[in-house]
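Worksheet for the structure shown next.
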Amino acid sequence: FYVTLVVNRWWNQYTSIPLPDRLMCVLSGGLQGNDERGRLLRRTMMRYASLSALLILRSVSTAVFKRFPTMDHVVEAGFMTREERKKFEGLHSPYNKYWIPCIWFTNLAAVARCEGRIKDDHTLKLLLQVQPSQYIWKRSYRPANAVELQSFFFF
């Protein structure tokens, strides 16, 4: 029983790792426009989704943290512009700020809806349901129960 609980918790965390495929499909099909503005909106929204995933993975993976040890490295890699970095660092929080790019993503989706690039509310709702903030970090922030830890060591 307890081993199942521990394994299920681990599996839920593993399946919470964001994969961009579904979001890219919804974004490419739902955000209209073959012009430069449409392309830039799609590209920026995917960059925000990738940035949010990167910020989460930096906090839990030593390999990702070694690749991106500072925000300078994140900017140099193209995940964030210098202006976005100023806004990002302007918000002081003792917690991980992975949700900020999710807010930027949502704001761009609202702008695209107002511009008529997202044709209906159903498509906007679908896009926001697939949005990174909905699936990036499903893990609970509670510490592992003592029983779970003990079962790990006994089995």
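Normalising by the residue count of segment 57-134, find the relative contact order in percent from Cα pairs under 8 Å and 6+ residues apart.
17
Stretched out fully, how many nm does the piece from Y95 to Q129 gain, at 0.36 nm a residue minus the Cα gap?
9.9 nm
Under a 1.4 angstrom probe, counting protein chains only, how are C102, C114, C25 ranked by accessible area, largest first?
On the way: C102 5, C114 120, C25 95 Å².
Ranked list, largest accessible area first: C114, C25, C102.
For E36 and H122, FRET efficiency with R0 = 30 Å and r from the beta-carbon atoms, rounded to 0.05?
0.70
Which value, in debye to the nearest 20, gives the size of the charge dipole of segment 11-53 about its Cα centre, when Lys and Arg are +1 and Asp and Glu are -1 at the Cβ?
80
The values are calculated or read from the model by the stated rules, or taken from the named source; none is laboratory data. Source: prediction; values computed, not measured. Every residue, glycine as well, gets a Cβ built from its backbone with ideal geometry; the counts of neighbours run over all protein chains shown. To get the accessible areas, we keep the full protein, side chains included, count just its heavy atoms, and leave off ligands, DNA and RNA. Shrake-Rupley method; radii C 1.70, N 1.55, O 1.52, S 1.80 Å.
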